[in-house]
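Reading through the structure tokens given below for one structure.
The values are calculated or read from the model by the stated rules, or taken from the named source; none is laboratory data. What you see is a predicted model, and the numbers here were worked out from it, not measured in a lab. Backbone-built Cβ (ideal geometry, glycine too); neighbour counts: all protein chains shown.
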Amino acid sequence: MKSVMKRLIGMIPVFIGVMLLIFVLLRVVPGDPVQVLLGEHYSQDTIDRLTKAMNLDKPVFEQFLLYLSGVFHGDLGMSYVMKKPVTSLIMEALPQTVILALMASTFAWFVGIGSGIIAAIKQNKAPDHIFMGFSLAGISVPVFMSALFLQYVFSFKLKLLPLSSDGSLKSLILPAIALGWNSAGSVARLTRSNLVDALQADYIDTAKAKGLTNRAVIFGHALRNSMLPVITLMAIQLSSMMSGAVVTESIFAIPGVGRLATNAIQTRDMPLLQGTVLLTTVMVIFGSLLADILYSVIDPRIRREA
Amino acid sequence: MSSDYLLEIEDLHTSIYTDDGVLRAVNGVNLRIPKGTIVGLVGESGCGKSMTARSIMRLLRHPARIDSGRILFGGKDLTTLTDKEMREISGRDISMIFQEPMTSLNPVLKVGFQVEETLRVHGLAASKEEAKRKVIEMFERVGIPEAEKRYSAYPHELSGGLRQRVMIAMAMILKPKLLIADEPTTALDVTIEAQILRLMRDLCKESGMSVLIITHNLGVVAEICEYVYVMYAGYIVEHAPIFDLFDYPRHPYTKGLMASIPRIGGNPEYLYTIPGVVPNLLHLPEGCPFSLRCSAAEEECRKTLPELVRTDEDHFSRCVKACGEQSLEGRAYGAGRE
């Protein structure tokens, strides 16, 4: 656990660096937030007062430090448009996004790893071609296509599931499949190719020579060795889903972080946009930390180096 | 059926079906392993030694497969067993040690667990504690220091020599009747090699098991084998008891191998090598497979494949000249050096 602490501390500079980058980028983009907020018909006096209240009269570096200290106190500023603290807006939207992400990745992992294993075992036979065909479709068909397709079949025609989100778990099933489908495809391909490689390894012969069944050889010996790259991929996918599935959330009208980000962009709501991008950063950082921890659980060689 | 032999390979043909054609890796090999004996199978890389071993253990991988022949083990033909029957024999009656101790152990599992697995898969681990005790006992027998601590070590935490000892422990824990060792010491340095060979010989004599040791190293053969088969391009070209073979090699290839051993006191600037390379197994020459490299080859050698002929009581050679040279013992070492 000492190494985990070390990793966490090592992430602080990354975190600050990313924030600096966001801060600068959003200020380079044209458009004065005060004007966005006030519209056009206000006196210079009002503008000056607001600029002062928003700390926009201070040097950019000081603004950044103020923002930074706010972040460490859990204060991400006020949304210009919604007139609410960004922190509470994100906190309201986050549960929907997290539930959707967990459902989608569970789907992706079961389907992806499962079909990857079957394809690897039946290498170059019919099941392999069928599953790999599906996975290719999963990777190449964009989310909005598969989402519309699922809506058409399961909501419109079969009337099994709700068309859009009503806050219930049931209404998240279709979005989860639409979102997970894409990940499942790449997980399946990666699982297959790594498992095929692992099954070529010398220790597989050793395991067979012991008299182990094929099942025990695959699940006891090959699978664990083939999972490292797959875990990296899954961690990246999970963290990107956690920071909001923009397209899926829009199509299914899910009030999640993805929608928050789209709204922020459309309305030039800088603090809100900063807040959502910050959340993405945190998710990606924790995603890679999670992957690292899982590596060392699976592979003892990494444990020692850490 | 002779009961003196533990394993009898009869006319084994194994081929690899590549995209470029059929590669005849094992061509009608006959090989017999008497009970309690250490038999060597020698030859250059790519001569079919490992394919023979893999044929026995059913470890051939697509696109390699056995075309014909019988592999009799205790009267049962291994080539006709079901997968389940073969699994029962693998690890319990026949076990195998591989060339690369670095890659032959699963890197993510504790070595103790990997050895224990052999017990468990054959239903011979009554309880967890007993299994662990047996494994540690076996570790001690194969000379692993601090056996108890090593039980929970991972392969990368052990040296090459220790890993090979773990492999031996794994292969020997159920006291198999036959141990197949495919280049067991090739990846180890010479001092460790000697230790491992001694260990294998001692364990063999203790438990009365037979060993088939596959190697390209005649030094290894001289160290522990009692009987030797020499293989070339998928054919057995000579087989004889160890002293016979070293004193009176009959086949020009064997003679060449002998001449290629560096000798202490010999000319350090000059190391004999057999001219030419092993023929491409996709396009084997007609006649004797060694004829292309043989300095004594004649017209006839390039036309017909010689039979294995008996040249001595238990000495066979696949060379038309084998009988004729019987009396010319003195030529044994000199033959290839022209």
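When residues in segment B:77-111 are screened for being more than 8 Å from chain A (Cβ to nearest Cβ), within 16 Å of B:ILE173 (Cα to Cα) and either outside any strand (DSSP E or B) or touching a Phe, Trp or Tyr at 6+ places or on another chain (Cβ under 9 Å) (or both), 3 of them pass. Can you pull out the residues in segment A:190-206 that are crowded, with 18+ Cβ neighbours inside 10 Å and more than 8 Å from every other protein chain (Cβ to nearest Cβ)? A:LEU190, A:THR191, A:ARG192, A:ASN194, A:LEU195, A:VAL196, A:ALA198, A:LEU199, A:ILE204 - these are the residues of segment A:190-206 that are crowded, with 18+ Cβ neighbours inside 10 Å and more than 8 Å from every other protein chain (Cβ to nearest Cβ).
If I go through segment A:239-250 residue by residue, how many of them are of a type in the set (A, V, I, L, M) and buried (at least 22 other Cβ atoms within 10 Å of the Cβ)? First the steps, then the outcome.
Just the residues of segment A:239-250 that are of a type in the set (A, V, I, L, M), to begin with: A:241-242, A:245-247.
Of the ones still in play, those that are also buried (at least 22 other Cβ atoms within 10 Å of the Cβ) are A:241-242, A:245.
Of the residues in that region, 3 qualify.
The sole residue among A:GLY211, A:GLY185 that is within 12 Å of chain B (Cβ to nearest Cβ) and either closer than 27 Å to A:GLN96 by Cβ or not in a helix (DSSP H, G or I) (or both) is A:GLY211. Candidates B:LEU179, B:LEU199, B:LEU158: the one that is among the aliphatic types (A, V, I, L, M) and at pLDDT below 90 is B:LEU199.
Does segment B:184-192 include one or more residues that are touching a Leu at 6+ places or on another chain (Cβ under 7 Å) and either surrounded by fewer than 23 Cβ atoms within 10 Å (Cβ to Cβ) or more than 30 Å from B:HIS251 (Cβ to Cβ) (or both)? So far as segment B:184-192 goes, no, none of its residues is touching a Leu at 6+ places or on another chain (Cβ under 7 Å) and either surrounded by fewer than 23 Cβ atoms within 10 Å (Cβ to Cβ) or more than 30 Å from B:HIS251 (Cβ to Cβ) (or both). When segment B:112-146 is filtered for residues that are modelled with pLDDT of 90 or more, away from chain A (no Cβ under 11 Å) and either in contact with a helix residue (DSSP H, G or I) (Cβ under 8 Å, 6 or more places away or on another chain) or closer than 17 Å to B:LEU199 by Cα (or both), the ones remaining, listed by number, are B:GLY112, B:ALA131, B:LYS132, B:LYS134, B:VAL135, B:ILE136, B:GLU137, B:MET138, B:PHE139, B:GLU140, B:ILE144, B:PRO145. Just give me the residues in segment A:106-122 being under 21 Å from the mean Cα position of the chain (by Cα) and either surrounded by 24 or more Cβ atoms within 10 Å (Cβ to Cβ) or of a type in the set (A, V, I, L, M, F, W, C) (or both), in sequence order. The answer is A:PHE107, A:ALA108, A:TRP109, A:PHE110, A:VAL111, A:GLY112, A:ILE113. The residue list B:ILE242, B:ILE213 contains one member that is buried (at least 22 other Cβ atoms within 10 Å of the Cβ) and not polar (S, T, N, Q), which is B:ILE213.
In segment B:245-282, the qualifying residues are those that are touching a residue at least 24 places away in the same chain (Cβ under 8 Å) and more than 28 Å from B:ASP312 (Cα to Cα), and the one that is surrounded by the fewest Cβ atoms within 10 Å (Cβ to Cβ) is B:LEU282. Scanning segment B:32-55 for residues that are crowded, with 22+ Cβ neighbours inside 10 Å and either in contact with a helix residue (DSSP H, G or I) (Cβ under 7 Å, 6 or more places away or on another chain) or in a loop (DSSP other than H, G, I, E, B) (or both) returns B:ILE38, B:GLY40, B:LEU41, B:VAL42, B:GLY43, B:CYS47, B:GLY48. If you go through segment B:112-152 and keep only what is part of a loop (DSSP other than H, G, I, E, B) and crowded, with 18+ Cβ neighbours inside 10 Å, you end up with B:HIS122, B:ALA125, B:VAL142, B:ILE144, B:TYR151.
So, of the residues in segment B:60-76 that are more than 12 Å from every other protein chain (Cβ to nearest Cβ) and part of a loop (DSSP other than H, G, I, E, B), which turns out to be nearest to the chain's Cα centre (by Cα)?
To start, the set of residues in segment B:60-76 that are more than 12 Å from every other protein chain (Cβ to nearest Cβ) comprises B:64-76.
Checking the rest, the ones that are also part of a loop (DSSP other than H, G, I, E, B) come to B:74-75.
Values: B:GLY74: 19, B:GLY75: 21 Å.
Only one residue fits best here, namely B:GLY74.
One residue is enough: does segment B:142-155 have a residue meeting the conditions basic (Lys, Arg), assigned by TED's automatic domain parsing to the domain that holds B:GLN195 and touching a residue at least 12 places away in the same chain (Cβ under 8 Å)? Yes, some residue in segment B:142-155 is basic (Lys, Arg), assigned by TED's automatic domain parsing to the domain that holds B:GLN195 and touching a residue at least 12 places away in the same chain (Cβ under 8 Å).
Considering segment A:40-83, and only residues there that are surrounded by 15 or more Cβ atoms within 10 Å (Cβ to Cβ) and among the polar types (S, T, N, Q), the residue that is nearest to A:LEU25 (Cα to Cα) turns out to be A:GLN63.
Residue by residue, here is whether (1) among the aliphatic types (A, V, I, L, M); (2) crowded, with 17+ Cβ neighbours inside 10 Å holds:
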| site | (1), (2) |
| --- | --- |
| A:ARG215 | no, no |
| A:THR232 | no, yes |
| A:ILE236 | yes, no |
| A:ASN263 | no, yes |
| A:THR276 | no, yes |
| A:PHE286 | no, no |
| A:PRO300 | no, yes |
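Given the residues A:LEU100, A:LEU150, which is the only one that is farther than 21 Å from A:LEU228 by Cβ and in contact with an Asp or Glu (Cβ under 8 Å, 6 or more places away or on another chain)? Before you say what the answer is, go through the steps one by one.
Working: A:LEU150 fails: in contact with an Asp or Glu (Cβ under 8 Å, 6 or more places away or on another chain).
Answer to the check: A:LEU100.
Would you confirm whether any residue within segment B:18-28 is assigned by TED's automatic domain parsing to the domain that holds B:ASP93, surrounded by 21 or more Cβ atoms within 10 Å (Cβ to Cβ) and more than 21 Å from B:VAL277 (Cβ to Cβ)? Checked against the condition, which is being assigned by TED's automatic domain parsing to the domain that holds B:ASP93, surrounded by 21 or more Cβ atoms within 10 Å (Cβ to Cβ) and more than 21 Å from B:VAL277 (Cβ to Cβ), segment B:18-28 yields no hits at all. Exactly one residue out of B:GLU286, B:GLU238 is in contact with a strand residue (DSSP E or B) (Cβ under 9 Å, 6 or more places away or on another chain), within 23 Å of B:THR304 (Cα to Cα) and of a type in the set (Asp, Glu), and it is B:GLU238. Every condition in (1) in contact (Cβ under 8 Å) with a residue 40 or more places away in the chain; (2) within 14 Å of chain B (Cβ to nearest Cβ); (3) more than 22 Å from A:GLY116 (Cβ to Cβ) is met by A:LEU223 except one, and the failing one is (3).
Yes or no: segment B:225-240 includes at least one residue that is free of Cβ contacts under 8 Å to residues at least 40 places away in the same chain and not acidic (Asp, Glu).
Here is the first cut: in segment B:225-240, the ones free of Cβ contacts under 8 Å to residues at least 40 places away in the same chain are none.
The answer is no, given that none of the residues of segment B:225-240 is free of Cβ contacts under 8 Å to residues at least 40 places away in the same chain and not acidic (Asp, Glu).
Is there a residue being buried (at least 20 other Cβ atoms within 10 Å of the Cβ), assigned to a helix (DSSP H, G or I) and in the same structural domain as A:ASN194 (by TED's automatic domain parsing) anywhere in segment A:123-137?
Yes, because at least one residue in segment A:123-137 is buried (at least 20 other Cβ atoms within 10 Å of the Cβ), assigned to a helix (DSSP H, G or I) and in the same structural domain as A:ASN194 (by TED's automatic domain parsing).
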